[in-house]
Amino acid sequence: MSGPATPAVGELRREQLLNAADRVVQREGPGASMNAIAAEAGITKPILYRHFGDRNGLIRALTERHTAGLLTAVRAALAEPLERRDLVERVLDTYLAGIEARPQVYRLLTHPEAGDPTGAGNALAPALRQIAEEITKAVQAQVDLGADSPLISETWGRAITGMVLAAGDWWLDQRPCSRARMVQALADLLWGRLAAAAELPLAITPPSAAEHEPDSPLVQD
């Protein structure tokens, strides 16, 4: 009789099941059932439950893999050696490209299902808070905003994240224009004081993306 699976084998199997879940969610949307996911993976539903506990456990696992990739991509964009306007557009495009690549997964992570008491559909919220913190640090490290820099930087970090979340959600649902046009429109709105502010003489480069986890399917091609 063979022994229990090694951790490496168990982790590989878990990733295969998450890949199957991704495919089903992309086809069927946020309401994808555990039955459909198990069938896609070629296993029975009890085996799926054995790996993730329940549907909320599976959603948490999907959240971890996708938000890690989104955060890595945003950090990498913030670290690029670009002119300020180009950097603004690069960060905006990175976020929109991420949600565009996996729209149904994005909806699963941001929109609670009807009657969902667990709030599983708000799973992206912690990652959005982290994105706001990354933007705050980048602004404070690179832009001279005077004595009120800590307050203004944090205000901007949170406001930019909220603005892009709301605009991106609408854009993904309605598709009123190309991604490039939406990036330009958002950058135009942000550009006022950012254009006028001087750069700090000793700007601190944000952490390299190499220091973080690899991209997840939410931001891969």
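Summary of computed values
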| read-out | value |
| --- | --- |
| Surface share of carbon and sulfur [accessible, 1.4 angstrom probe, percent] for region 66-193 | 54 percent |
| Sequence-distant residues sharing a close amide H with VAL143 (under 5 Å, placed H) | LEU200 |
| In Å, descending, principal axis extents of the Cα set of region 11-53 | 24, 18, 17 |
| Rounded percent of accessible protein surface that carbon and sulfur make up, region 11-53, 1.4 Å probe | 50 percent |
| Computed lengthening from ARG50 to GLN16, 0.36 nm per intervening residue step minus Cα-Cα distance | 10.8 nm |
| Simple Cβ-charge dipole of region 66-193, Lys/Arg +1 and Asp/Glu -1, about Cα centre, in debye nearest 20 | 140 debye |
| Charge dipole (debye, nearest 20) of region 11-53; +1 at Cβ of Lys and Arg, -1 at Cβ of Asp and Glu | 120 debye |
| D_trans [Stokes-Einstein, Kirkwood Rh over alpha-carbon pairs] for region 11-139, 10 °C, 1.306 mPa s, µm² s⁻¹ | 101 µm²/s |
| Accessible area per residue, Å², region 66-193 with all protein chains present, probe 1.4 Å | 46 Å² |
| Positive-end residue, region 66-193 charge dipole about Cα centroid, Cβ charges, pick of VAL88, ALA141, ILE99 | ILE99 |
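The values are calculated or read from the model by the stated rules, or taken from the named source; none is laboratory data. These numbers come from a predicted model, not from an experiment. For neighbour counting, all protein chains shown are included, and Cβ atoms are generated from backbone atoms with ideal geometry for every residue, glycine included. In case anyone asks, the SASA skips ligands and DNA or RNA and just uses the protein heavy atoms, side chains included. Shrake-Rupley method; radii C 1.70, N 1.55, O 1.52, S 1.80 Å.
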